[in-house]
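Here is the structure we will look at, set down as structure tokens.
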Amino acid sequence: MEHSDEEADYTVTDLEEAAGEADAGKVAEAAMPATAVPLDLAGLRLDQALARMFPEHSRSRLSSWLQDGHILLDRKPGRPAQKIWGGERVELLATPGAGSGDDLPEDIPLNVAYEDDTVIVIDKPAGLVVHPGSGNSQGTMLNALLHHAPALGNVPRAGIVHRLDKETSGLLVVAKTLPAQTHLVRQLQARTVKRDYLALVHGNVERDGEVDAPVGRDPQNRVRMAVTGGGKEARTRYRVVDQFPDARVTLVECSLDTGRTHQIRVHMQSIGHPLVGDGVYRSGRHFFKDADDTAGSAAALMKALDAAGRQALHARRLAFVHPLSGETLSFESPLPEDLRQLLDALRQQR
């Protein structure tokens, strides 16, 4: 499994590490203008005051800027522990850029569902890798974003805050500024971003349910994830949308409370309902037999997904609070053609 072919959320720490990979000589515009310290913060340490003055930045990022001499207090480099009295002028010098130098802009078409000065919502097709990694150094969504909006070169990971697997289609939000990226990451960590997926799974799912089980690296196979006691907390809620008893498959809607690597694929497999087309997490010969026993065009389409390595998973709904306006934005993506044709064939067969 390539590093870039993972569905997962980033954390503020991840993004700070990405920013640290920048070329030392590359600089971006000042992140904040000269600002007076409010009088009600008198008596605090400088690092404590900065955290209250600039909540859009994480404490560790502000601390790093202080240590690197990028924050001035009354035109002198600030020290984290120095006491402030109120009224001093805080100024942020040019900060290290976030591009890594290896990530180059590429003219790759993007399906932009929404864009303003703060965020971009992308409707990603199956087959597009989100972020460069081992074996995928070019031709990724990140490369396309750098061409679409060159200023994203100054934002860690080109503004990406969460990923989808290469062969998962659907909606992603990208931040166009550093404060917006921090805001969105914190929304993900607070579990207030709404993400709903459509998944076609093997077996007859009889009722709605929830999987609350930690997900981590499979101790028996390091290229897979698994439900494991040493994993990270993970919770997936699922709802039955449509049933196809003859084909022994079920269409479910999965909603994420957390965003772990391969979470939906692992959770559904753990309860005996692996995704159609997902050869990595589909175990047991009877699932292959299901496709053979399915009559007509539905069987051919299911086998085509298998051959393409394309799991039947689509991120169809995304909602989040706009980092600047505070408005809740909601988006919905129609099913891509391959999954739509498969569901049409299943319904006709039924």
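List of remarks:
- Size of charge dipole - segment 98-184 - debye, nearest 20, with Cβ of Lys, Arg +1 and Asp, Glu -1, no other charges: 200 debye
- Gyration tensor verdict on segment 29-92 (Cα atoms; rounded if a/c is under 1.5, prolate if a/b is larger than b/c, oblate otherwise): rounded
- Here the label points at L329 and E106, each 7 Å from Cα along the C-beta direction, are separated by 2.5 nm in the simple model.
- Pairs beyond 30 Å (Cα-Cα), from K194/K232; K194/K303; K166/K194; K166/K232; K83/K232: K194/K303; K83/K232
- For segment 195-207, the Karplus equation 6.51 cos²θ - 1.76 cosθ + 1.60, evaluated at θ = phi - 60°, returns couplings of 9, 10, 10, 9, 9, 9, 10, 6, x, 9, 7, 8, 8 Hz by residue, with Gly and Pro reported as x.
- Cut-off 14 Å between beta-carbons: net charge of the residues surrounding L73, Lys and Arg +1, Asp and Glu -1: +2
- Unit charges at the beta carbon, dipole of segment 29-92: most positive-side option, P55, A36, Q67: Q67
- Net charge over other residues, Cβ less than 13 angstrom from the Cβ of D196 (K, R count +1; D, E count -1): +3
- Amide H to amide H distances under 5 Å link L72 with G78, E91, L92, L93, where only residues 5 or more positions off or on other chains count and H is placed in the peptide plane.
- When the square roots of the Cα gyration tensor eigenvalues are ordered a ≥ b ≥ c, the ratio a/c for segment 191-350 is 1.5 or more and a/b does not exceed b/c, which makes its shape oblate.
- A simple rule links phi to the HN-Hα coupling: the Karplus curve 6.51 cos²θ - 1.76 cosθ + 1.60 with θ = phi - 60°, which for segment 105-116 gives x, 9, 7, 10, x, 10, 8, 8, 7, 6, 7, 9 Hz, with x for Gly and Pro.
- Shape of segment 114-171, Cα gyration tensor, a/c cut at 1.5: oblate
Bear in mind these aren't lab numbers, they're just calculated from the coordinates by the rules spelled out. These numbers come from a predicted model, not from an experiment. Positions of Cβ are backbone-derived with ideal geometry, glycine not excepted, and every protein chain shown enters the neighbour counts.
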